[in-house]
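**Q** The following block contains the structure, expressed as structure tokens.
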Ligand code: C2E
Ligand code: MG
Ligand code: MG
Ligand code: MG
């Protein structure tokens, strides 16, 4: 019956467009309630030293467990949060919750001084005038050493106003936190930003890592990125390392750290706690 109705509507609308629009509107409404309903969860993906295999920390990654207990992935809902502006509130929650997790790890004695927790900041959230206050306040309320935090941002956010982005990064870095440039190699990537912006680390997008052991073009791109990183004094981390073969090449090329299914996909906090404790 529903199917027949759906088919009838094809005569009047482009079904793919209306379906997509309807899904977005529906999702928007549900996302508005998701914060209050405690439906967001932070997973953590471990980050590993390429050289020694030791745990260097992790990256906090958002999941949305909605009322049907379905785990929604960021690619489905972050764009909706971003376009509605809800990402600012959700992003604050991500920063606070990351600090809360860190406090627990520290209290349990399983967090080491050299470790870092990566927190993704979206373009819209980066433009929030209160970002510095939120970072400062979260660190204070959980008594977190800022050097444990590593903010991951993509280049797209600095495109509009480079000077403003530099000021903002410098202010947050002055607290002691560090910055990584995320998804490097895709989108707006430009060497100009590496030169001008005060990044500490560069994350190579998994698009280039996935086939690094099979495809000389991927390998060539990664080699070029490594060379540029060295030039600008940036540590390099690889995303999406899925095999020993890929890891071996990254070691050969002098990559500092990695994350990926070869070690572990993102896991819930309790599983990450066990990894830290092991
Ligand atoms: P990202 O920051 O580049 O995060 C890395 C993504 O690569 C994660 O996807 C992770 O699960 C995935 N990944 C890592 N290793 C592998 C692998 O070996 N194989 C495969 N197939 N995938 C791997 P995820 O968790 O779906 O997140 C996607 C994107 O959503 C993130 O990309 C980030 O841009 C955004 N995001 C996630 N959490 C947050 C958040 O709290 N705030 C904001 N603003 N954005 C977030
Ligand atoms: Mg990231
Ligand atoms: Mg990334
Ligand atoms: Mg990526």
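The values are calculated or read from the model by the stated rules, or taken from the named source; none is laboratory data. In this text, all values refer to a predicted model and were calculated from it rather than measured experimentally. Every residue, glycine as well, gets a Cβ built from its backbone with ideal geometry; the counts of neighbours run over all protein chains shown.
**Q** Look through the stretch 239-259, keep the residues that are in contact with a strand residue (DSSP E or B) (Cβ under 9 Å, 6 or more places away or on another chain) and free of Cβ contacts under 8 Å to residues at least 60 places away in the same chain, and return whichever of them is surrounded by the fewest Cβ atoms within 10 Å (Cβ to Cβ).
**A** 254
**Q** Additional query: Does residue 124 satisfy the condition of being closer than 24 Å to residue 204 by Cα, near ligand 1 (Cβ under 9 Å from one of its atoms) and either at pLDDT 95 or above or over 13 Å from the mean Cα position of the chain (by Cα) (or both)?
**A** It is true that residue 124 is closer than 24 Å to residue 204 by Cα, near ligand 1 (Cβ under 9 Å from one of its atoms) and either at pLDDT 95 or above or over 13 Å from the mean Cα position of the chain (by Cα) (or both).
Residue-by-condition table, conditions (1) within 16 Å of ligand 4 (Cβ to nearest atom); (2) more than 16 Å from the chain's Cα centre (by Cα):
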residue: 232; (1), (2): no, yes
residue: 243; (1), (2): no, yes
residue: 249; (1), (2): no, yes
residue: 256; (1), (2): no, yes
residue: 259; (1), (2): yes, no
residue: 268; (1), (2): no, no
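**Q** Kindly evaluate residue 170 against the criterion of being away from ligand 1 (no atom under 16 Å from the Cβ) and free of Cβ contacts under 8 Å to residues at least 24 places away in the same chain.
**A** So residue 170 fails the test.
**Q** Before we move on, is residue 179 farther than 19 Å from residue 50 by Cβ, in contact with a helix residue (DSSP H, G or I) (Cβ under 8 Å, 6 or more places away or on another chain) and either modelled with pLDDT of 90 or more or more than 16 Å from ligand 2 (Cβ to nearest atom) (or both)?
**A** Taking the combined requirement at face value, the residue satisfies it.
**Q** Then there's this: Counting only residues that are surrounded by 14 or more Cβ atoms within 10 Å (Cβ to Cβ), away from ligand 4 (no atom under 16 Å from the Cβ) and more than 17 Å from the chain's Cα centre (by Cα), which one in the stretch 197-214 is farthest from residue 258 (Cα to Cα)?
**A** Checking each candidate, the answer is 197.
**Q** Against the definition (at pLDDT 95 or above, in contact with a strand residue (DSSP E or B) (Cβ under 9 Å, 6 or more places away or on another chain), in a helix (DSSP H, G or I) and within 16 Å of ligand 2 (Cβ to nearest atom)), how does residue 57 come out, yes or no?
**A** In short, no.
**Q** Please go through (1) farther than 20 Å from residue 94 by Cβ; (2) at pLDDT 95 or above; (3) surrounded by 14 or more Cβ atoms within 10 Å (Cβ to Cβ) for residue 174 and return the number of the only condition it doesn't satisfy.
**A** The one condition residue 174 does not meet is (3).
**Q** If you go through the stretch 62-79, how many residues are closer than 30 Å to residue 112 by Cα and surrounded by 20 or more Cβ atoms within 10 Å (Cβ to Cβ)?
**A** Of the residues in that region, 2 qualify.
**Q** How many of the residues making up the stretch 201-223 are more than 16 Å from ligand 2 (Cβ to nearest atom) and either under 27 Å from residue 177 (Cα atoms) or touching a strand residue (DSSP E or B) at 6+ places or on another chain (Cβ under 6 Å) (or both)?
**A** Residues in the stretch 201-223 being more than 16 Å from ligand 2 (Cβ to nearest atom) and either under 27 Å from residue 177 (Cα atoms) or touching a strand residue (DSSP E or B) at 6+ places or on another chain (Cβ under 6 Å) (or both): 1 in total.
**Q** Right, next: Give, as residue ranges, the helices (runs of 4 or more DSSP H) completely inside the stretch 148-241 that count at least 1 residues that are within 16 Å of ligand 3 (Cβ to nearest atom).
**A** It comes to 191-196, 206-209, 216-231.
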